[in-house]
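Let me begin by presenting the structure, written as structure tokens, before commenting on it.
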Ligand code: BDR
Ligand code: CA
């Protein structure tokens, strides 16, 4: 069993990552840290607590950073660029990650913050831990700045972020990276194995509407939650970010967990030299990959594609076996 800490900005796909990690027999989810991103930190933390109560798992939740490291201080970029993606429809940016239709959480977050928890845990653990950040990388970057020694106990960092031919926040940027590009570059420069699950992978592994029926037929609260999440995500993607075909939706963050269960779900994983653009302009947060045949020394594993059928099968197996 792989020990992991999930770092989330709980929205709908973060929720599915928490559920899969908690229910999978291959993963020991020892803690969840929350970060700003899809929504502000109090909401992402509340959503995370709601999900841990939905699956009835007493997984500790640690509240983290409420904003980016420095991105919001720029004066030379239009302020709206530092905000959540532009309103896409009447519900605005929360359309993607609206308020969860779950009971108010009874539990509260732990009394130490996310960054302190990451440093304490990584300094005292007896076995290596995999970090799985699926939101802006602010918590992880600050932990690496305060305690660079923690890389010794990190097995791998599996990040949902970036994109080569796919983007969603700016013309060339993906939301988690564009939200805190400096944090992403700090993680990118860390001397530890990093696997980037990009939009090129999550979009190709998008799940079709057929999976809604399967989830409903489980007749469980978790299955119903998954079904509702898929309905909402397909609605939003059809309306605001139509992909290759209608009635499909990427479940970005869950693909990181699927990779931990079966790495072959990332069916085009390349070892490349990655740099993250920090130029102050339209390219900020873009993935700069050295495509020369005499490229710079590879420093990252980057997923260029995801196997949709394998991904769907992994998700359904975990949900079925958790009954
Ligand atoms: C990423 O941004 C967020 O909206 C999702 O939760 C995911 O982590 C996709 O670009
Ligand atoms: Ca996320």
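The values are calculated or read from the model by the stated rules, or taken from the named source; none is laboratory data. Treat the numbers as computed from the prediction; the structure is a model and nothing was measured. We place every Cβ from the backbone using ideal geometry, glycine too, and count neighbours over all the protein chains shown.
Considering only the stretch 207-229, I want to know if a residue exists there that is under 22 Å from residue 136 (Cβ atoms), crowded, with 20+ Cβ neighbours inside 10 Å and in contact (Cβ under 8 Å) with a residue 12 or more places away in the chain. Can you show your working first?
Applying the first criterion (under 22 Å from residue 136 (Cβ atoms)) to the stretch 207-229 yields 229.
From what is left, the residues that are crowded, with 20+ Cβ neighbours inside 10 Å are 229.
Keeping just the survivors that are in contact (Cβ under 8 Å) with a residue 12 or more places away in the chain gives 229.
The answer is yes; a qualifying residue exists.
Mind listing whichever residues of the stretch 230-256 are buried (at least 23 other Cβ atoms within 10 Å of the Cβ) and assigned to a helix (DSSP H, G or I)? Before the answer, list the steps.
First, the residues of the stretch 230-256 that are buried (at least 23 other Cβ atoms within 10 Å of the Cβ): 230, 233, 249-256.
Residues satisfying the conditions are 230, 233, 252, 253, 254, 255, 256.
Within the stretch 244-283, track down each residue that is under 27 Å from residue 71 (Cβ atoms), away from ligand 2 (no atom under 16 Å from the Cβ) and in contact with a strand residue (DSSP E or B) (Cβ under 9 Å, 6 or more places away or on another chain).
Passing the criteria: 272, 273, 274, 275, 276, 277.
Just give me the residues in the stretch 107-128 being in a loop (DSSP other than H, G, I, E, B) and without any contact (Cβ under 8 Å) to a residue 24 or more places away in the chain, in sequence order.
Correct list: 111, 126.
Could you tell me whether any residue of the stretch 4-19 is more than 13 Å from ligand 2 (Cβ to nearest atom) and either at pLDDT below 95 or part of a strand (DSSP E or B) (or both)?
Yes; the residues of the stretch 4-19 include at least one that is more than 13 Å from ligand 2 (Cβ to nearest atom) and either at pLDDT below 95 or part of a strand (DSSP E or B) (or both).
Before we move on, is residue 48 buried (at least 22 other Cβ atoms within 10 Å of the Cβ), more than 11 Å from ligand 1 (Cβ to nearest atom) and either modelled with pLDDT of 95 or more or closer than 17 Å to residue 318 by Cα (or both)?
Numbers: buried (at least 22 other Cβ atoms within 10 Å of the Cβ): yes; more than 11 Å from ligand 1 (Cβ to nearest atom): yes; either modelled with pLDDT of 95 or more or closer than 17 Å to residue 318 by Cα (or both): yes.
It is true that residue 48 is buried (at least 22 other Cβ atoms within 10 Å of the Cβ), more than 11 Å from ligand 1 (Cβ to nearest atom) and either modelled with pLDDT of 95 or more or closer than 17 Å to residue 318 by Cα (or both).
Is it the case that residue 74 is buried (at least 24 other Cβ atoms within 10 Å of the Cβ) and more than 16 Å from ligand 1 (Cβ to nearest atom)?
Details: buried (at least 24 other Cβ atoms within 10 Å of the Cβ): no; more than 16 Å from ligand 1 (Cβ to nearest atom): yes.
No: the conditions fail for residue 74.
Got at least one residue in the stretch 272-281 being surrounded by 15 or more Cβ atoms within 10 Å (Cβ to Cβ) and out of contact with any helix residue (DSSP H, G or I) (no Cβ under 9 Å at 6 or more places or on another chain)?
yes
Need the failing condition index for residue 170 against (1) surrounded by fewer than 20 Cβ atoms within 10 Å (Cβ to Cβ); (2) more than 22 Å from residue 63 (Cα to Cα); (3) modelled with pLDDT of 95 or more; (4) in contact with a helix residue (DSSP H, G or I) (Cβ under 8 Å, 6 or more places away or on another chain), just the number.
With respect to (1) surrounded by fewer than 20 Cβ atoms within 10 Å (Cβ to Cβ); (2) more than 22 Å from residue 63 (Cα to Cα); (3) modelled with pLDDT of 95 or more; (4) in contact with a helix residue (DSSP H, G or I) (Cβ under 8 Å, 6 or more places away or on another chain), residue 170 is out only on (3).
Going through the stretch 7-36 one residue at a time, which ones are more than 15 Å from residue 100 (Cβ to Cβ), in contact with a helix residue (DSSP H, G or I) (Cβ under 6 Å, 6 or more places away or on another chain) and touching a residue at least 60 places away in the same chain (Cβ under 8 Å)?
Result: 7, 20, 21, 23, 24, 26, 27, 33, 35.
For the stretch 183-206, does any single residue satisfy the condition of being within 22 Å of residue 17 (Cα to Cα), surrounded by fewer than 19 Cβ atoms within 10 Å (Cβ to Cβ) and more than 19 Å from the chain's Cα centre (by Cα)?
Looking through the stretch 183-206, none of the residues is within 22 Å of residue 17 (Cα to Cα), surrounded by fewer than 19 Cβ atoms within 10 Å (Cβ to Cβ) and more than 19 Å from the chain's Cα centre (by Cα).
What residue, of 155, 104, is assigned to a strand (DSSP E or B) and either buried (at least 16 other Cβ atoms within 10 Å of the Cβ) or more than 16 Å from ligand 2 (Cβ to nearest atom) (or both)?
Working: 104 fails: assigned to a strand (DSSP E or B).
Answer to the selection: 155.
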